[in-house]
Amino acid sequence: MDFNLGSVIKRLRTEQGVTQDALAEYLGISYQAVSKWETGTTLPDITLLPKLAVFFGVRIDELFSVDHEDELERIDAMLQRETMTDQNYAYAKRILDGILRESPKNVEVMKRYAKVYLAKTNTDLLTAGKMLEQAMEFAPLDEEIYSLYRSVRGGSEYKQHSDNDWFIRVCEPYARKYPQNIGLYRMLIEAMVSKKYFDRAEELLGAVKFTGENKYMKEVFSGDIALAKGDEAKAKEIWNSVPKNDWLGQYEAGERFNRLNEYERAIECFNNAYDAQSAPRKMDMMYSLAFLYKKLGRFGEAKKEWELIAKTLISDYGMDEEDNDITWAKDEIAQLERLLSGK
């Protein structure tokens with residue numbers, strides 16, 4: 001880490017438009033002393049650090065610079081484990097603004113900026129959206145940008161903020177220009193179906209070629225369109241046409257049967273999805289099964305599923321007994337054992 005206190009003082013002073021004379025007058029010292037700090041000739045007396053922090057509106061520890069990687073790790077930690085307080089928000093914004101001044105096309109910083117806005121108590125979604133629109137121009141194949149943008153501008157769990165029309169309008173041109181961006185096609189089709197733009201969804205669905213693990217997503221989305229049009233029988237027929245050995249198609253079909261309360265068919269699809277994979281296996285269908293069994297009161301089967309989850313995490317991903325996901329599985333198993341014993 002770089003603990004160059006003088007360079008931090010100079011950066012804060014210039015960012016805030018403060019002269020060396022003004023800072024020196026506030027501290028009761030000469031401007032030459034400030035100049036010596038900023039050139040690294042001397043260091044401020046430790047007793048001046050609290051006044052420096054108050055003057056610049058930062059915490060004392062923020063006077064000691066760290067490199068950008070460490071600063072970004074600190075912001076990531078805030079996003080994962082801390083509330084985005086006004087103080088944390090001000091810190092993150094200052095750091096990210098500084099990095100973007102140095103590197104205005106830094107997409108990773110733009111994405112973090114959007115996450116910071118989303119985490120803020122009074123989220124400024126408009127600013128987050130504009131930031132992500134810039135990021136799209138610089139990295140049009142980065143699926144996370146579009147996922148974040150839908151959270152800011154689209155539907156999903158953030159429908160109260162805006163709706164899918166805006167997401168469709170801004171992002172559809174990128175899908176047309178970059179047809180290899182399968183993740184974006186999926187999000188757009190979901191958004192169009194939610195808005196009942198069936199013709200547009202079908203046209204877009206016909207314009208993309210799903211390959212690899214997405215091979216049968218066309219069938220999955222065709223079923224979604226049929227269901228949204230009110231033809232449940234046709235939707236089920238389409239989902240049932242997905243081959244048993246296609247893990248993603250089976251998983252997605254299982255989720256849809258689950259939402260229709262077709263639980264036995266959902267269970268069959270989830271098991272097909274697990275069996276169709278080789279290590280390292282995706283875990284989504286296993287968690288879906290565990291939660292579904294518990295919902296149905298089939299606690300013994302739910303317990304076995306959580307045991308399989310723990311076993312797979314260890315065998316396929318090399319996790320140990322102290323890992324959070326393993327601990328979660330153990331807690332669920334213990335709870336289910338209590339339910340089975342009637343305690």
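The values are calculated or read from the model by the stated rules, or taken from the named source; none is laboratory data. On a predicted model such as this, the values are computed, not experimentally measured, just so you know. No Cβ is skipped: glycine too gets one built from the backbone with ideal geometry, and neighbour counts run over all protein chains shown. Accessible surface areas use protein heavy atoms only, side chains included; no ligands, DNA or RNA. Shrake-Rupley method; radii C 1.70, N 1.55, O 1.52, S 1.80 Å.
Identify which of 42, 127, 85 has the largest mean-square fluctuation in a Gaussian network model of the chain, with springs joining Cα atoms closer than 10 Å.
Maximum among the listed residues: 42.
Separation between the residue 53 and residue 169 pseudo-spin-labels, each 7 Å from Cα along Cα→Cβ, expressed in nm?
4.7 nm
If you stretched the chain out fully between residue 232 and residue 30, how much longer would it get, using 0.36 nm times the residue separation minus the C-alpha to C-alpha distance?
Details: separation 202, 0.36 × 202 = 72.72 nm, distance 7.99 nm.
Result: 64.7 nm gained on full extension.
Return the single residue from 285, 319, 136 with maximal mean-square fluctuation; model: Gaussian network over the chain, springs between Cα atoms under 10 Å.
Sorting by GNM fluctuation, first place goes to 319.
Relative contact order for the chain: what is it in percent, counting Cα pairs under 8 Å that are at least 6 residues apart?
Working: 374 pairs, mean separation 22.5, N = 343.
Once normalised by length, the contact order is 7 percent.
Measure up 51/111; 120/330; 10/51; 111/311; 115/330 against 25 Å on the Cα-Cα distance and list the ones that go over. Spell out each step's value before the answer.
Working: 51/111 34 Å; 120/330 34 Å; 10/51 15 Å; 111/311 35 Å; 115/330 31 Å.
The pairs that break the limit, which is 25 Å between Cα atoms, are 51/111; 120/330; 111/311; 115/330.
Quote the relative contact order of the range 194-247 in percent (integer), defining contacts as alpha-carbon pairs under 8 Å separated by 6+ residues.
Details: 35 pairs, mean separation 16.8, N = 54.
Value for the range 194-247: 31 percent.
Hey, what did the range 167-214 get for relative contact order, percent, Cα under 8 Å, at least 6 apart? Before the final figure, lay out each step's value.
Values: 26 pairs, mean separation 16.2, N = 48.
Reported as a whole number, the value is 34 percent.
Heavy-atom accessible area per residue, the range 209-257, 1.4 Å probe: how many Å²?
Details: 2270 Å² over 49 residues.
Heavy-atom SASA per residue in the range 209-257 reads 46 Å².
Accessible area of the chain with a 1.4 Å probe: how many percent of it is carbon plus sulfur?
Numbers: 8730 of 17700 Å².
Carbon with sulfur: 49 percent of the solvent-accessible area.
Nearest 500 deg cm²/dmol is fine: what mean residue ellipticity at 222 nm does the chain get from its DSSP H runs of n ≥ 4 alone, each adding -39,500 (n - 2.57), divided by its residue count?
-22000 deg cm²/dmol
Do the alpha carbons of any pairs in 209/236; 282/304; 177/234 sit beyond 25 Å of each other, and which pairs?
Working: 209/236 22 Å; 282/304 17 Å; 177/234 32 Å.
Pairs exceeding 25 Å: 177/234.
Which value, in debye to the nearest 20, gives the size of the charge dipole of the chain about its Cα centre, when Lys and Arg are +1 and Asp and Glu are -1 at the Cβ?
Numbers: 48 positive and 59 negative charges, 181 e Å.
Once rounded to the nearest 20, the dipole reads 880 debye.
So for the pair residue 315, residue 126, with labels modelled 7 Å out along Cα→Cβ, what separation do we get in nm?
In this crude spin-label approximation the distance works out to 5.5 nm.
Which one, 150, 59, 256, has the greatest fluctuation when you compute a Gaussian network model over the chain with C-alpha springs under 10 angstrom?
Answer for the Gaussian network model of the chain: 59.
Using a simple spin-label model with points 7 Å from Cα along the Cα→Cβ vector, what separation in nm is obtained for residue 308 and residue 264?
1.8 nm
For the pair residue 323 and residue 100, what calculated FRET efficiency results from E = 1/(1 + (r/R0)^6), where r is the Cβ-Cβ distance and R0 = 22 Å, to the nearest 0.05? Walk me through the numbers on the way to the answer.
Working: r = 35 Å, r/R0 = 1.61.
After rounding, the FRET efficiency stands at 0.05.
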